[in-house]
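Have a look at the structure below, then the notes.
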Amino acid sequence: MQRHEIYKDDPNNEACINCGSKWGTQTVPVEDKNGNTRLKVICLECERFVKWQALPITKDRALEFRLHFGKHSGIAFGEIAKSDPSYLKWILEQSTFKDNIKQMAKLALEAQT
């Protein structure tokens, strides 16, 4: 919770949550248990974890993205778009899914048409 309070006052999200430094950060790609990659942001000053950062959303990334829950758990959106496109359409209609997941579902559907 403290992380959100610190970032809320920093519009550029550049200050380290650990040491307050604005020296900069480095990013390290990390693959989670579902095969999705995100970036771990590390402070160059104190070398500690700062935040997670998502990779840019692209068509290729959307086709490889996997949810870790639900009836298609662990299956790439590209495969779901071929076998059960109504599931991705359903994701687009739900308010509980984050915008980035909806955007990837939309790109996966568009790639199949």
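Based on this model, can you work out whether residue 111 counts as more than 24 Å from residue 17 (Cα to Cα) and in contact with a Phe, Trp or Tyr (Cβ under 7 Å, 6 or more places away or on another chain)?
Values: more than 24 Å from residue 17 (Cα to Cα): yes; in contact with a Phe, Trp or Tyr (Cβ under 7 Å, 6 or more places away or on another chain): no.
No, not satisfied.
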Unmet requirement for residue 50, which otherwise passes all of (1) without any contact (Cβ under 8 Å) to a residue 12 or more places away in the chain; (2) within 30 Å of residue 19 (Cα to Cα); (3) surrounded by 15 or more Cβ atoms within 10 Å (Cβ to Cβ): (1)
Of residues in segment 56-83 being out of contact with any strand residue (DSSP E or B) (no Cβ under 6 Å at 6 or more places or on another chain) and among the aliphatic types (A, V, I, L, M), the one nearest to residue 17 (Cα to Cα): 57
Kindly list the number of the only condition in (1) within 14 Å of the chain's Cα centre (by Cα); (2) at pLDDT 80 or above; (3) among the small types (Gly, Ala, Ser) that fails for residue 35. (2)
I'd like to know if segment 45-59 contains one or more residues that are within 19 Å of residue 99 (Cα to Cα), at pLDDT 90 or above and either in contact with a Cys (Cβ under 6 Å, 6 or more places away or on another chain) or not in a loop (DSSP other than H, G, I, E, B) (or both). yes
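Report whether or not residue 29 is part of a loop (DSSP other than H, G, I, E, B) and loosely packed, with under 13 Cβ neighbours inside 10 Å.
Numbers: part of a loop (DSSP other than H, G, I, E, B): no; loosely packed, with under 13 Cβ neighbours inside 10 Å: yes.
When the stated conditions are applied, residue 29 does not pass them.
The values are calculated or read from the model by the stated rules, or taken from the named source; none is laboratory data. The shown structure was predicted, so the numbers you read here are calculated from the model rather than taken from an experiment. Positions of Cβ are backbone-derived with ideal geometry, glycine not excepted, and every protein chain shown enters the neighbour counts.
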